[in-house]
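The values are calculated or read from the model by the stated rules, or taken from the named source; none is laboratory data. Predicted model, so just to flag it, every value in this text is computed and none were measured. Here Cβ is always computed from backbone atoms with ideal geometry, including for glycine, and neighbour counts include all displayed protein chains. Protein only, heavy atoms only, side chains kept; ligands, DNA and RNA dropped before computing areas. Shrake-Rupley method; radii C 1.70, N 1.55, O 1.52, S 1.80 Å.
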Amino acid sequence: MSQPLLKVAVLASGRGSNLAALIAVREAGTLPVDMVLVGSDKASAGALRLAEAAHIPTLSLNPKDYPDRPSFDRALFARVAASGAELLVLAGFMRVIDAAVVAEWEGRAINIHPSLLPKYPGLHTHRRCLEAGDSEHGASVHYVTAELDGGPVVAQARIPVGPGDTEASLAERLLAEEHRLLPAVVGAIARGRLRWDGEAMFDGRPVAVPLTLAQLS
Ligand code: GRF
């Protein structure tokens with residue numbers, strides 16, 4: 001019997017290169033997921049164009065059409081739920097989400113963030129890493145909670161920081177790692193190796209230390 005496909009929705013505000021990485025792995029036949037929706041708060045998001053090209057249903061809602069943040073979030077997440085998504089992936093979704101709305105997705109929503117969390121939640125992570133003189137930078141995938149970039153980290157990819165590195169060079173090298181890390185985490189969830197049971201569990205054991213790409217593959 002073939003493996004059932006995990007229904008995945010993605011929310012993205014920008015160019016969507018992490019979405020593209022997911023689509024590429026799925027099209028290569030090595031990611032057992034059905035992408036049921038790509039949604040955005042920006043009608044011009046590149047992610048929506050990528051989804052259209054891949055024949056994935058899309059949704060764009062404008063926050064300005066709603067009286068406040070909770071109303072927008074409720075409307076958006078109701079549409080995500082209606083898509084049948086079992087997993088929600090935030091891939092460059094640049095909004096803080098209402099706590100009550102997020103709570104309904106506990107253990108079913110993940111986010112990718114370009115830092116070695118808990119270092120540098122929020123914006124400008126590459127700059128902050130350089131300013132701190134860190135010898136290492138990285139990306140994290142974490143379960144989403146109401147705290148911005150604050151939920152339990154399940155996996156990280158690391159890159160060394162060299163003397164010639166700039167914000168742009170770090171961003172470029174790290175993005176390549178993100179494009180491996182996110183599909184690896186989604187794949188582990190789709191295959192049932194990584195699951196949420198009040199805490200993140202991998203192969204039946206709590207994730208005490210963020211997983212590496214090597215462990216996930
Ligand atoms: C990535 O760096 C991701 O870690 C962060 O936002 C960026 C999105 O890039 N959350 P893209 O839209 O996937 O290209």
### Query
How many of the residues making up the stretch 125-144 are under 17 Å from the mean Cα position of the chain (by Cα) and either touching a residue at least 60 places away in the same chain (Cβ under 8 Å) or loosely packed, with under 15 Cβ neighbours inside 10 Å (or both)?
1
#### Entry: Identity of the residue in the stretch 50-73, out of contact with any strand residue (DSSP E or B) (no Cβ under 8 Å at 6 or more places or on another chain) and buried (at least 21 other Cβ atoms within 10 Å of the Cβ), that ends up farthest from A188 (Cα to Cα)
F72
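Tell me the residue from A20, A47, A24 that is open to solvent by less than 20 Å² (accessible area, probe 1.4 Å) and within 16 Å of the ligand (Cβ to nearest atom), please.
Answer to the selection: A47.
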### Query
Taking interchain pairs and intrachain pairs at least six residues apart, which have beta carbon atoms under 9 angstrom, with the first residue in the stretch 5-17 and under 14 Å from N111 (Cα atoms) and the second among the polar types (S, T, N, Q) and in a strand (DSSP E or B)?
L11/S40; A12/S40; S13/S40; G16/S40
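Every residue in the stretch 103-125 that is away from the ligand (no atom under 13 Å from the Cβ), within 23 Å of A184 (Cα to Cα) and among the hydrophobic types (A, V, I, L, M, F, W, C), please.
Of everything in the stretch 103-125, those that are away from the ligand (no atom under 13 Å from the Cβ), within 23 Å of A184 (Cα to Cα) and among the hydrophobic types (A, V, I, L, M, F, W, C) turn out to be W105, A109.
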